[in-house]
Every structure is written in structure tokens, then in C-alpha cells.
Amino acid sequence: MSNITIIGTGNMARTIGTRAVAGGHTVEVMGRDRSKAEVLATALGGGATAGEWGAVPAGDIVITALLYDGVVPVVAEYADALAGKVIVDISNPFNATFDGLAHGEETSVAQEVAKVAPAGASVVKAFNTIFRNVLEKGRPNVFIAGDGARAKASVAAFIESIGLRPLDVGGLKMAHWLEGMGLVTVALAGNGVGHWDFALGVDELAG
């Protein structure tokens with residue numbers, strides 16, 4: 001089992017934390033508001049703890065469960081405290097009308113994180129194509145992108161341990177297209193599917 005640190009105290013932090021605890025992992029929660037982190041850690045149970053904001057995370061895998069515009073600044077703020085860690089970005093940089101990406105160019109939050117991450121840290125994009133309710137109740141595929149084979153392997157092992165199926169889409173530049181998939185998922189919810197109780201995945205033909 002892994003040591004997991006979740007930076008953030010919102011709904012996705014709670015959902016991923018709940019699955020991580022159920023999977024037998026040691027979970028640490030960090031938030032700018034220490035009291036919120038403590039409340040979430042208590043709610044998660046399983047020995048989950050609240051860490052000090054900005055301190056070296058206890059987890060080998062650090063999940064930034066933050067709104068997209070806060071991810072890069074927080075990673076920059078933590079700086080060398082994240083050295084040697086696997087940083088997992090789960091964010092979606094949607095524009096205000098949810099019909100485009102906020103950065104408007106062929107990059108991604110994960111790629112921008114990699115630019116400010118300390119030496120020895122690896123960045124992986126994951127979980128961004130899954131609605132919280134599906135992650136909470138279902139068994140969706142989890143698409144991942146990253147440049148470090150070892151980092152992706154550790155994230156894939158974590159995903160499998162919480163009962164989900166990891167699917168590697170390639171290097172970190174593919175994070176841009178995963179963010180586009182997140183946008184497509186929202187568009188499907190508002191149009192062709194018409195509800196939020198689904199996730200994109202891969203069906204394979206029987207051999």
C-alpha cells in the first residue's frame with residue numbers, strides 16, 4: 001500500500017480520500033485552512049491525518065485536488081517540499097462557458113505544473129475525465145498521462161488498488177487532450193447523454 005497526500009479539502013479530495021482509505025492506504029490531507037483539513041481527515045477515518053500546509057508531504061503520491069487556477073501556484077509555493085514526489089493533477093481548466101479550455105493553447109495544467117515542480121518530482125495527469133459521483137459510486141476507467149514510467153506505474157498501481165482501471169494514454173503532452181476529454185464529458189452530460197451518471201471508457205472486443 002502507498003502513502004497518499006491530498007492537497008485540498010473539497011469534494012474530489014473527499015471522494016479520492018475515501019477510496020484511498022478503503023483501499024488500505026495511509027492518507028494525509030493538507031489545506032490552507034488547517035481546521036478543514038482536520039475535519040476531512042476525521043471524516044475519512046482509517047488513521048487519516050491532517051498535515052501542515054507547505055510542509056514536506058508524507059505521501060509518495062501527492063494529489064492536488066484543487067481548482068485548476070490554484071494548482072500551479074500551490075506547486076510553486078510548496079517548491080522543494082515536493083522533491084522526489086509523484087504529483088497527480090486532476091484539474092480541468094474549463095472556460096466560463098464550459099465550451100473551451102481556459103488556457104486556450106496546446107498545453108495543460110499538468111504541463112505547466114511540470115515547469116515549476118522541483119527536481120526529481122514527476123507529474124501525472126489523472127482522474128480529470130470522471131465526475132465526482134461516478135468516482136464515488138462506480139468503477140470507471142482512469143486515463144493517465146505522464147513522462148515518467150516509474151511515476152505512472154505507481155499511480156496505476158494506486159488506481160488499481162482502489163478498484164478502478166488505469167489506462168495509460170502516453171506522455172505528459174497528452175494531458176492537454178485529457179483536458180479536452182473532460183470538456184467532451186461535460187458536453188455529453190448537457191446534450192447527448194443528458195445526465196452526469198456516466199464516464200468515458202474503453203470497450204474491447206473479445207478475442
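Would you mind telling me the share, in percent, of accessible area of the chain contributed by carbon and sulfur at probe 1.4 angstrom?
About 53 percent, which is the carbon plus sulfur part of the accessible surface.
Roll a 1.4 Å probe over the protein heavy atoms and report the accessible area of ARG132 in Å², nearest 10.
Taking all protein chains as shown, ARG132 has close to 90 Å².
Between ALA114, VAL186, ALA157, whose Cα lies farthest towards the positive end of the dipole of the chain when Lys and Arg beta carbons carry +1 and Asp and Glu beta carbons carry -1, centred on the Cα centre?
Towards the positive end, the residue furthest out is ALA157.
Could you tell me what % of all Cα pairs in the chain have separations over 20 Å?
In whole percent, the share of Cα-Cα pairs in the chain beyond 20 Å is 54.
Mind putting together the pair-distance distribution for the stretch 29-138? All Cα pairs, 10 Å bins, whole percent per bin, short to long.
For the stretch 29-138, the binned pair fractions read 14, 41, 35, 10, 0 percent.
Working from the alpha-carbon coordinates of the stretch 88-207, get Rg over Rh, Rh being the Kirkwood radius.
Reported Rg/Rh (Cα atoms, Kirkwood Rh): 0.97.
Name the residue, out of ASN11, ASN128, ASN141, whose mean-square fluctuation peaks in a Gaussian network model built on the chain with Cα pairs under 10 Å.
ASN11
To the nearest 20 Debye, how big is the dipole of the chain about its Cα centre, given +1 on the beta carbon of each Lys and Arg and -1 on that of each Asp and Glu? Walk me through the numbers on the way to the answer.
Values: 15 positive and 21 negative charges, 84 e Å.
Its charge dipole is roughly 400 debye.
Hey, can you find the accessible area per residue of the stretch 9-73 for me, probe 1.4 Å, expressed in square angstrom? Display every interim value, and only then the final one.
Working: 2950 Å² over 65 residues.
That works out to 45 Å² for each residue.
The values are calculated or read from the model by the stated rules, or taken from the named source; none is laboratory data. Given the structure is predicted, the values throughout are model-derived calculations rather than measurements. Positions of Cβ are backbone-derived with ideal geometry, glycine not excepted, and every protein chain shown enters the neighbour counts. Accessible surface areas use protein heavy atoms only, side chains included; no ligands, DNA or RNA. Shrake-Rupley method; radii C 1.70, N 1.55, O 1.52, S 1.80 Å.
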